[in-house]
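A short worksheet on the structure shown next.
The values are calculated or read from the model by the stated rules, or taken from the named source; none is laboratory data. Everything numeric in this text was worked out from a predicted model, so none of it was measured. Don't worry about glycine lacking a Cβ; one is built from the backbone with ideal geometry, like all the others, and counts go over all protein chains shown.
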Amino acid sequence: MKKITFSTNQEMEIIQLTDKIKKKMEDIDIGNGLLHVYAPHATGAIIINESADPNVQKDILNKLKDIFPKNAGYEHDCIDNNAHSHLMSTFLGCSETIPIENGKINLGTWQDISFVETDGPREKRNVYIQIIEK
């Protein structure tokens, strides 16, 4: 298992991880298998989507804000006022599994693996990658 650690700079943002993941995989000899990407955070998520057009990321974040607005009477807000962040990350999910074919992550042309920050900024976010060999 390998760990990627990074900071986030905004309350909500999308951080591309594909290049960092590929770098971590350089010293692993694998033909075919699976790559599992996991974020151990209650207010962060892992997604696969387009990153070439930054408007896609803006649209994702804006729609999340529409679906899960702040201060909407959530029970958890009485503790630390971030229930909307928990709901967003639950909706998106904390992991993705991607096929590895001939040593390469099998993503579509426009796909990238990304971390979605829903309660930032945070100094330390971790993402773990695990290779499962066929």
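Identify the residue in region 78-112 that is over 16 Å from the mean Cα position of the chain (by Cα) and at positive phi and, among all such residues, is surrounded by the fewest Cβ atoms within 10 Å (Cβ to Cβ).
Checked region 78-112; the qualifying residue surrounded by the fewest Cβ atoms within 10 Å (Cβ to Cβ) is 102.
Can you name the residue in region 60-77 that is loosely packed, with under 12 Cβ neighbours inside 10 Å and among the charged types (D, E, K, R) and is also modelled with the lowest pLDDT among such residues?
Ranking the candidates gives 75 first.
I want to confirm something. Restricting to region 40-53 and keeping residues that are in contact with a Ser or Thr (Cβ under 7 Å, 6 or more places away or on another chain) and among the small types (Gly, Ala, Ser), which single residue is nearest to residue 19 (Cα to Cα)?
51
Across region 13-59, which residue is modelled with the lowest pLDDT among those that are touching a Gly at 6+ places or on another chain (Cβ under 7 Å) and assigned to a loop (DSSP other than H, G, I, E, B)? So that I can check it myself, show each step before the final result.
Going residue by residue through region 13-59, those that are touching a Gly at 6+ places or on another chain (Cβ under 7 Å) are 13, 30-31, 45-46.
Of the ones still in play, those that are also assigned to a loop (DSSP other than H, G, I, E, B) are 30-31.
Values: 30: 90, 31: 93.
Among residues in region 13-59 that are touching a Gly at 6+ places or on another chain (Cβ under 7 Å) and assigned to a loop (DSSP other than H, G, I, E, B), the one modelled with the lowest pLDDT is 30.
For region 40-77, which residues satisfy the criterion of being over 18 Å from the mean Cα position of the chain (by Cα) and charged (D, E, K, R)?
If the condition is that a residue be over 18 Å from the mean Cα position of the chain (by Cα) and charged (D, E, K, R), then 66, 70, 75, 77 are the ones that fit.
Which of the residues belonging to region 117-134 are touching a helix residue (DSSP H, G or I) at 6+ places or on another chain (Cβ under 6 Å) and either within 29 Å of residue 103 (Cα to Cα) or among the charged types (D, E, K, R) (or both)? Walk me through how you get there before you give the answer.
So the first thing to find is which residues in region 117-134 are touching a helix residue (DSSP H, G or I) at 6+ places or on another chain (Cβ under 6 Å), and the list is 118-119, 129.
Across region 117-134, the qualifying residues are 119, 129.
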